[in-house]
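The block underneath contains the structure these notes are about, expressed in structure tokens.
The values are calculated or read from the model by the stated rules, or taken from the named source; none is laboratory data. Every value quoted in this text rests on a predicted model; they were computed, and no experiment measured them. Cβ coordinates were reconstructed from backbone atoms using ideal geometry, including for glycine residues, and neighbour counts include every protein chain displayed.
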Ligand SMILES: Cc1ncc(C[n+]2csc(CCOP(=O)(O)OP(=O)(O)O)c2C)c(N)n1
Ligand code: SF4
């Protein structure tokens, strides 16, 4: 997809559904949007079938706002709750088999680089903690070892939400779940540490408590992946169903967990730092002109 394919052909505009026309006229394609503008433009993600109050949905919605070039972005997902929303957003979605996301994304990114040498095409994997750290572990690690230039976002709800509450490698030790009635025996896997020893160019841990920070973090990860190397974001996106968090308390839970053990953390290689600092400086300058 590109800006040209998004635009309706002359003469056909009136025949297209109003939702599509609005998306082209008032959407995100071809321009940057800010969190403060939410409600004043047509978002890439407007409908989803996820549970009421699910923090994962909020995070995905914010991720969509962060895309530097939605018309040149492809999302790779897989089985799990997140894909229910991601696949409904107005950017192309590829369903990798459960466990295959990072292999699919590797091939896709390489192919796009060959096909479009003059245009950045952003590839993002967004998948659950089970899909990435358990069943997709090998593909995840090897995409990092090979230094594949795309962003991996783990939607870390610390459980297999979509299949009714099994423990994952990211579940905390001792946690009792519907299908882990005796509590998890082993600790939470240090996925951030694994990303670090794999030389990921940019690594962040975040909870969806500060929308502008989510947008800035995702944007940085995507921009750094374009030029420098693999980037990884681990996002606390609670499962209010499996963790029995009442819907009105979902955000309070995010603040509490953030304070206790999921504080914002960002690190990057020196090369990534130099690149993003320069880029952000240039962007600021062009905005003030
Ligand atoms: C190869 C394979 N194994 C198992 C499944 C069944 N399955 C579908 S979703 C899922 C769990 C999803 O958990 P997670 O990846 O943590 O995402 P969440 O639903 O919690 O967002 C499983 C085991 C599958 N679809 N494919
Ligand atoms: S089961 Fe959990 S993670 Fe899945 S949509 Fe519902 S609240 Fe969200």
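Collect the residues in region 76-109 that are within 16 Å of ligand 2 (Cβ to nearest atom) and in a strand (DSSP E or B), keeping them in residue-number order.
Start the filter on region 76-109 by keeping residues that are within 16 Å of ligand 2 (Cβ to nearest atom), which leaves 77-89, 98.
Within region 76-109, just 77 meets the criteria.
Name every residue in region 182-220 that is farther than 29 Å from residue 249 by Cα and either free of Cβ contacts under 8 Å to residues at least 60 places away in the same chain or touching a strand residue (DSSP E or B) at 6+ places or on another chain (Cβ under 7 Å) (or both), in order of residue number. Don't jump to the end; show me each part of the working.
Restricting attention to region 182-220, the residues satisfying the condition of being farther than 29 Å from residue 249 by Cα are 193-202, 220.
Listed by number, the residues that qualify are 193, 194, 195, 196, 197, 198, 200, 201, 202, 220.
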Hits in region 53-75 - residues which are more than 16 Å from ligand 2 (Cβ to nearest atom) and farther than 17 Å from residue 43 by Cβ: 72, 74
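Scan 112, 140, 132 and give me the residue that is part of a helix (DSSP H, G or I), surrounded by fewer than 22 Cβ atoms within 10 Å (Cβ to Cβ) and modelled with pLDDT of 95 or more.
On the way: 140 fails: surrounded by fewer than 22 Cβ atoms within 10 Å (Cβ to Cβ); 132 fails: surrounded by fewer than 22 Cβ atoms within 10 Å (Cβ to Cβ).
112 is the lone residue from the list that is part of a helix (DSSP H, G or I), surrounded by fewer than 22 Cβ atoms within 10 Å (Cβ to Cβ) and modelled with pLDDT of 95 or more.
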Can you name the condition, by its number, that residue 276 falls short on among (1) under 21 Å from residue 124 (Cβ atoms); (2) out of contact with any strand residue (DSSP E or B) (no Cβ under 8 Å at 6 or more places or on another chain)? (2)
Answer residue from region 97-123, given it is within 15 Å of the chain's Cα centre (by Cα) and within 16 Å of ligand 1 (Cβ to nearest atom) and is farthest from residue 239 (Cα to Cα) among those: 105
Where the second residue is near ligand 2 (Cβ under 10 Å from one of its atoms) and assigned to a strand (DSSP E or B) and the first is under 18 Å from residue 63 (Cβ atoms) and lies in region 149-164, which pairs have Cβ atoms under 6 Å and are six or more apart or on separate chains? 155/128
May I ask you to verify whether residue 45 is more than 14 Å from ligand 1 (Cβ to nearest atom) and in a helix (DSSP H, G or I)? no
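Listed here are the residues, each with its yes/no results for (1) out of contact with any strand residue (DSSP E or B) (no Cβ under 6 Å at 6 or more places or on another chain); (2) surrounded by 13 or more Cβ atoms within 10 Å (Cβ to Cβ); (3) more than 25 Å from residue 110 (Cβ to Cβ).
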site: 7; (1), (2), (3): yes, yes, yes
site: 10; (1), (2), (3): yes, no, yes
site: 18; (1), (2), (3): yes, no, yes
site: 40; (1), (2), (3): yes, no, yes
site: 49; (1), (2), (3): yes, no, yes
site: 52; (1), (2), (3): yes, no, yes
site: 60; (1), (2), (3): yes, yes, yes
site: 63; (1), (2), (3): yes, yes, no
site: 73; (1), (2), (3): no, yes, no
Confirm whether residue 75 is at pLDDT 90 or above, touching a helix residue (DSSP H, G or I) at 6+ places or on another chain (Cβ under 9 Å) and under 24 Å from residue 165 (Cα atoms). no
Residue, nearest to ligand 1 (Cβ to nearest atom), within region 208-241, restricted to residues that are more than 26 Å from residue 69 (Cβ to Cβ) and buried (at least 24 other Cβ atoms within 10 Å of the Cβ): 239
